[in-house]
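Just below is one structure, and these are the notes that go with it.
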Amino acid sequence: MSPELPTGMFDLAAFRAGFDSDNPVKYCRAAVEAATAYQYARFRAGDHARELIRQRSQFVDTLLGFLWDRNDWGDHELALVAVGGYGRGELHPHSDVDLLVLTGELDATCRERLSAFLTLLDDIRLNPGYSVRTIDECVAIARKDITVVTNLMESHVIRGNAAMMESVKERTGPAAMWPSREFFDAKIAEQDERHERFADTEYGLEPNVKSSPGGLRDLQVIGWIAERHFGVERIEDIDDEDFLSPDEREILILGREFMWHIRWALHMITGREEDQLLFDHQRELAAMGGFEDGDTLAVEQFMQVYYRWALALGQLNDVLIQNFEQAFLREGRERDEIEDVNERFQLRNGFIEARHSDVFTDHPPALLEVFLICANNEKIAGIAAPTIRLLRDSRHLIDDAFRADEENRRNFIGILRSPVKMARQLRRMNRFGILGDYLPEFGAIVGQMQHDMFHTYTVDAHTLEVIKNTRRFLYADFEKRFPVSSRVARRLRDISLLHIAALYHDIGKGRGGDHSELGAVDAEKFCREHGLSVRDTELVVWLVRNHLLMSAVSQRKDISDPEVIQQFAEHMGDEEHLDYLFTLTVADINGTNPTLWNAWRGSLLRQLYTETRRALRRGLDKPLDKQVIIDKTRREAVEMLEARGFTEDELDEIWRQRGEDYFLRERAQDIAWHTEAIASHHDRDTALVLVRNSTESSVANTTQIFVHTRSRAQLFSRICACLEQLQLSVHDARIYSGNDDMILDTFFVLDSDGQPLADDKERLSHIRDLLTENLYLDAPFPEVGTRLTPRRLRAFAMPTETKMYVDEVKNFSVLEIAAADRPGLLARIGRIFVAFNIELQAAKIQTLGERVQDVFFITDQLHQPITDPELCELIQRTIRDELDEQVAA
């Protein structure tokens with residue numbers, strides 16, 4: 001018999017005595033609201049969701065039972081049955097109340113009363129979902145639909161004829177339909193499809209507590225399979241330790257209670273059936289859980305706990321399903337194929353397994369050896385479930401002595417150097433907890449999220465994805481996507497050094513301080529302990545310390561400048577360091593966020609790699625003379641234009657007002673394109689706008705927009721506002737001012753989603769026409785920022801950060817801005833430049849998830865760097881205030 005409900009939650013006697021027959025909807029709603037408020041208060045006071053969900057199910061039973069009993073059903077055969085989650089006795093505040101009404105033959109009066117009863121349930125806002133069926137109808141539908149069978153398995157009779165439901169269960173049981181094997185196959189197919197919807201990972205940025213891998217549904221699946229096979233009501237009731245060990249039972253119970261707790265809180269704070277951990281909810285739950293910001297954000301600490309539980313439950317689901325299939329469903333049906341591996345391991349039906357239960361106790365190095373064997377044998381499909389259990393139960397053997405053992409160190413290095421499935425073995429080692437135990441510094445980053453939209457994965461998942469990418473460079477089917485990286489990777493002296501650098505490049509995150517420096521210290525210790533030579537150790541440490549450098553230089557420096565290339569080449573020192581860093585950088589960017597890599601970033605890295613390689617081959621003591629490049633570019637452009645009828649004197653006249661930067665940074669082909677158009681354009685009051693797609697430009701696969709017009713205030717801001725209206729994102733901007741009061745601006749743009757524009761002549765013409773119209777001297781300023789900011793971006797209201805300094809070599813000021821992305825950002829910055837009489841010389845625009853990292857190269861009106869400290873601070877404060885005020889609004 002169920003315990004009585006707390007009187008503070010629901011007093012049935014008082015409810016019955018005061019029931020308002022004239023207004024039952026209002027009276028019942030008040031009871032539901034009061035019960036919900038009571039449970040919310042108890043949850044905030046510390047009551048656990050495991051009691052509250054049972055209590056809520058009991059409350060709904062009591063309320064529905066009372067309402068049912070108020071009707072005279074006569075002698076009709078009827079049963080009111082709770083099914084699904086409610087049938088299990090588990091109701092969260094806004095979960096659906098799933099009901100089945102079993103009926104026999106009903107007269108018109110009874111049907112009318114049943115309809116009124118169900119309508120009342122709708123009106124009192126219990127989230128009911130109901131079906132009215134006969135026993136035969138239930139059986140017929142269940143035979144076709146596995147979800148109906150599952151719902152019927154989890155049920156309890158609230159009121160009415162219990163024998164009717166017993167008949168349904170008997171006629172839909174495994175002896176009548178969906179026997180264990182068929183039920184298992186159908187449920188696993190359902191699970192695979194569901195996992196695929198969530199990218200088959202427990203580490204989603206905004207995971208679903210119910211449906212994501214490692215969520216409550218995974219536990220329900222193994223419960224349903226066990227119930228179908230063993231006939232138990234709950235999976236924890238199974239007493240067969242071959243199927244569910246005591247440790248697994250504990251993980252199941254504690255993990256389920258954790259997920260219940262999170263789901264209850266989600267329903268409470270949102271006031272609806274919300275099972276997805278959206279970014280806003282994550283922060284609120286972290287605060288409710290008592291997490292506080294430290295070296296890592298409170299929300300990151302909370303989500304690390306979530307991810308570790310999701311990983312544990314996902315692994316439990318894997319093991320129990322594999323164990324069920326191997327140990328039970330194949331029993332007596334298939335003859336096992338057994339192949340010896342060595343004295344410790346054998347293959348059974350393609351899965352490697354320990355030959356006896358003391359393998360790891362007798363020989364602890366076998367904890368790594370089993371993965372080394374898998375990494376060198378392509379035939380092995382995986383590790384058998386009983387052996388996974390042994391691995392998990394033997395993790396305590398991995399201590400300092402184990403880590404210092406030379407055999408274990410050789411085994412681990414052997415895994416990193418293995419020819420097949422190396423990345424898969426590291427993933428398995430991480431999933432089973434072995435990798436984090438062997439490398440405690442890696443264990444610290446397991447499940448560690450980075451609360452932004454730039455990093456799609458947790459640190460450990462990102463690290464393993466980067467290692468996988470370094471392997472992909474060696475695969476023929478990836479050569480088309482990464483042609484340069486693939487060629488470079490194949491000529492690396494020892495690719496395992498790249499794997500080690502990838503393993504350690506982000507391992508210092510979450511500790512405070514510079515993660516590159518912290519990771520370099522850990523990497524040096526690892527290399528020294530694992531017997532790497534001094535040369536190899538220095539290379540790995542250098543790679544970890546510098547793993548962000550190439551990306552930063554390519555996207556934030558003017559890589560058309562030979563001085564930038566010379567400085568970068570000097571930092572590289574030789575081609576080997578360049579090759580390793582290039583492949584690590586490409587692997588890292590592609591392992592950070594699937595949408596981050598695009599043709600623009602690829603072209604910048606290739607250009608930096610190619611120019612640096614040339615500088616290294618030329619010799620660091622022979623830097624390329626800037627004037628040589630300028631003269632060469634002018635000469636090539638002259639040759640092209642002479643072929644089109646221009647004379648050298650005409651070209652000298654057109655180019656007389658151009659500075660040397662124009663010929664240093666632009667390609668001869670583009671200069672010829674610009675010059676021919678300028679020569680044919682005679683109306684100085686009308687802007688000349690050229691637009692074309694090009695895969696051959698210095699910024700490949702972007703659309704080039706060239707503007708030649710009179711210099712005037714707010715020109716940059718006006719152009720950016722137009723581009724915003726056109727749903728274009730600026731990725732590079734080059735600004736040239738001539739002595740004739742005319743400017744030449746080149747913008748390299750992509751679509752707002754970061755993809756190249758289609759070769760659509762109509763759209764390119766529209767871009768040209770709108771810009772021309774808005775750049776006319778008397779044209780009104782275009783509207784700024786009309787697009788709505790997406791929900792995910794609004795969740796990351798980070799304060800704007802600025803940095804300003806003088807580049808002594810280039811003789812201009814550099815302004816770096818890191819801010820939350822939002823519509824009209826560049827136009828607003830441009831207006832501030834006008835207010836402070838700032839001349840923009842060039843810009844590097846970079847969007848990373850929900851934030852931008854822009855670099856502006858600026859001078860005063862006399863084309864001198866801005867050196868007054870107070871003015872520099874005022875400019876930066878104005879930018880911060882303007883952009884942060886926009887986010888707040």
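The values are calculated or read from the model by the stated rules, or taken from the named source; none is laboratory data. None of the values given here were measured: they were computed from a predicted structure. Note: ideal-geometry Cβ built from the backbone for every residue, glycine included; neighbour counts use all protein chains shown. Just so you know, the surface numbers come from the protein's heavy atoms only, side chains and all, with ligands and any DNA or RNA stripped out. Shrake-Rupley method; radii C 1.70, N 1.55, O 1.52, S 1.80 Å.
Only one of (1) within 23 Å of the chain's Cα centre (by Cα); (2) closer than 27 Å to residue 351 by Cβ; (3) charged (D, E, K, R); (4) open to solvent by less than 40 Å² (accessible area, probe 1.4 Å) fails for residue 228. Which number is that? Every listed condition holds for residue 228 apart from (1).
Pull out all pairs, ordered by first then second residue, where Cβ-Cβ is under 8 Å, the residues are six or more apart or on different chains, the first lies in segment 657-675 and is closer than 9 Å to residue 637 by Cα, and the second is assigned to a loop (DSSP other than H, G, I, E, B) and open to solvent by 40 Å² or more (accessible area, probe 1.4 Å). Once the first residue is closer than 9 Å to residue 637 by Cα and sits in segment 657-675, its partners that are assigned to a loop (DSSP other than H, G, I, E, B) and open to solvent by 40 Å² or more (accessible area, probe 1.4 Å) give 669/696; 672/644. If only residues of segment 28-37 that are open to solvent by less than 60 Å² (accessible area, probe 1.4 Å) and of a type outside the set (Gly, Ala, Ser) are counted, the one that is farthest from residue 263 (Cα to Cα) is 28. In the set (1) farther than 18 Å from residue 375 by Cβ; (2) crowded, with 18+ Cβ neighbours inside 10 Å; (3) of a type in the set (A, V, I, L, M, F, W, C); (4) modelled with pLDDT of 95 or more, residue 429 fails one condition alone, (1). Taking first residues from segment 588-613 that are touching a residue at least 60 places away in the same chain (Cβ under 8 Å) and within 26 Å of residue 504 (Cβ to Cβ) and partners that are among the aromatic types (Phe, Trp, Tyr) and open to solvent by 10 Å² or more (accessible area, probe 1.4 Å), the Cβ contacts under 6 Å between residues at least 6 apart in sequence or on separate chains come to 590/597. Within segment 362-402, being among the aromatic types (Phe, Trp, Tyr) and more than 21 Å from residue 318 (Cβ to Cβ) holds for one residue alone: 402.
Are any of the residues in segment 508-525 over 30 Å from residue 297 (Cα atoms), aliphatic (A, V, I, L, M), in contact with a Ser or Thr (Cβ under 9 Å, 6 or more places away or on another chain) and surrounded by 19 or more Cβ atoms within 10 Å (Cβ to Cβ)? No, segment 508-525 has no match at all. The condition (being open to solvent by 30 Å² or more (accessible area, probe 1.4 Å), of a type outside the set (A, V, I, L, M) and under 25 Å from residue 853 (Cβ atoms)) is satisfied by just one residue among 463, 456: 456. For segment 207-241, the candidate set comprises residues that are of a type in the set (Lys, Arg) and in a helix (DSSP H, G or I); within that set, the residue that is modelled with the highest pLDDT is 217.
Look at (1) open to solvent by 40 Å² or more (accessible area, probe 1.4 Å); (2) more than 25 Å from residue 87 (Cα to Cα); (3) of a type outside the set (S, T, N, Q) and you find that residue 202 fails only one, number (1). Of the conditions (1) buried (at least 20 other Cβ atoms within 10 Å of the Cβ); (2) in a loop (DSSP other than H, G, I, E, B), residue 474 satisfies every one except a single condition; which number is it? Just one mismatch for residue 474, condition (1).
Name every residue in segment 209-225 that is in contact (Cβ under 8 Å) with a residue 60 or more places away in the chain and open to solvent by less than 30 Å² (accessible area, probe 1.4 Å), in order of residue number. If the condition is that a residue be in contact (Cβ under 8 Å) with a residue 60 or more places away in the chain and open to solvent by less than 30 Å² (accessible area, probe 1.4 Å), then 209, 211, 212, 213, 214, 215, 218, 219, 221, 222, 224, 225 are the ones that fit. Taking the conditions (1) part of a helix (DSSP H, G or I); (2) under 25 Å from residue 176 (Cα atoms); (3) open to solvent by 50 Å² or more (accessible area, probe 1.4 Å) in turn, residue 115 satisfies each one other than (2). Checking each residue in segment 439-460 for being over 23 Å from residue 517 (Cβ atoms) and at pLDDT 90 or above picks out only 447. Counting the residues of segment 822-842 that are at pLDDT 80 or above and within 32 Å of the chain's Cα centre (by Cα) gives 5.
Based on this model, can you work out whether residue 105 counts as charged (D, E, K, R), modelled with pLDDT of 95 or more and either under 28 Å from residue 176 (Cβ atoms) or in contact with an Asp or Glu (Cβ under 7 Å, 6 or more places away or on another chain) (or both)? Step through it out loud before you land on a result.
Details: charged (D, E, K, R): yes; modelled with pLDDT of 95 or more: no; either under 28 Å from residue 176 (Cβ atoms) or in contact with an Asp or Glu (Cβ under 7 Å, 6 or more places away or on another chain) (or both): yes.
No: the conditions fail for residue 105.
The set of residues in segment 165-196 that are touching a residue at least 24 places away in the same chain (Cβ under 8 Å) and buried (at least 20 other Cβ atoms within 10 Å of the Cβ) comprises 165, 168, 172, 178, 183, 184, 187.
So that you can scan it fast, the table gives a plain yes or no per residue for (1) closer than 26 Å to residue 233 by Cβ; (2) open to solvent by 10 Å² or more (accessible area, probe 1.4 Å); (3) of a type outside the set (A, V, I, L, M); (4) in contact with a Cys (Cβ under 9 Å, 6 or more places away or on another chain):
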position	(1), (2), (3), (4)
23	no, yes, yes, no
41	no, yes, no, no
50	yes, yes, yes, no
70	no, yes, yes, no
102	yes, no, no, yes
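Only a single criterion out of (1) in contact (Cβ under 8 Å) with a residue 60 or more places away in the chain; (2) surrounded by fewer than 16 Cβ atoms within 10 Å (Cβ to Cβ); (3) of a type in the set (Ser, Thr, Tyr) is not satisfied by residue 717, namely (2).
Could you grab me the full set of residues in segment 528-541 that are in a helix (DSSP H, G or I) and either open to solvent by 40 Å² or more (accessible area, probe 1.4 Å) or touching a strand residue (DSSP E or B) at 6+ places or on another chain (Cβ under 9 Å) (or both)?
Taking segment 528-541 and keeping what is in a helix (DSSP H, G or I), we get 528-529, 534-541.
Correct list: 528, 529, 534, 535, 538.
Restricting to segment 548-566, and then to whatever is in a helix (DSSP H, G or I) and in contact with a Lys or Arg (Cβ under 9 Å, 6 or more places away or on another chain), can you tell me which residue is surrounded by the most Cβ atoms within 10 Å (Cβ to Cβ)? Break it down into steps so the answer makes sense when it comes.
In the first step, residues of segment 548-566 are kept if they are in a helix (DSSP H, G or I); the result is 549-556, 562-566.
Imposing the further condition that a residue be in contact with a Lys or Arg (Cβ under 9 Å, 6 or more places away or on another chain) reduces the set to 551, 554-556, 562-565.
Details: 551: 20, 554: 21, 555: 21, 556: 16, 562: 18, 563: 15, 564: 18, 565: 25.
This residue is 565.
The residues on offer are 125, 159, and the sole one that is assigned to a strand (DSSP E or B) and open to solvent by 50 Å² or more (accessible area, probe 1.4 Å) is 159.
Quick one: which strands (runs of 3 or more DSSP E) sit completely within segment 631-742 and have at least 3 residues that are over 23 Å from residue 763 (Cβ atoms)? Write out each step before concluding.
Details: elements: 688-694, 702-710, 728-737.
So the answer is 728-737.
Can you find even one residue in segment 442-453 that is free of Cβ contacts under 8 Å to residues at least 24 places away in the same chain and either open to solvent by 20 Å² or more (accessible area, probe 1.4 Å) or not aliphatic (A, V, I, L, M) (or both)? Taking every residue of segment 442-453 in turn, at least one turns out to be free of Cβ contacts under 8 Å to residues at least 24 places away in the same chain and either open to solvent by 20 Å² or more (accessible area, probe 1.4 Å) or not aliphatic (A, V, I, L, M) (or both).
Of all residues in segment 743-755, exactly one satisfies the criterion of being assigned to a strand (DSSP E or B) and open to solvent by 10 Å² or more (accessible area, probe 1.4 Å), namely 751. Among the residues making up segment 583-602, those that are part of a helix (DSSP H, G or I), more than 14 Å from residue 552 (Cα to Cα) and either basic (Lys, Arg) or out of contact with any Ser or Thr (no Cβ under 7 Å at 6 or more places or on another chain) (or both) are 590, 599. Taken over segment 824-839, residues that are over 11 Å from residue 854 (Cα atoms) and either assigned to a helix (DSSP H, G or I) or open to solvent by less than 10 Å² (accessible area, probe 1.4 Å) (or both) amount to 9.
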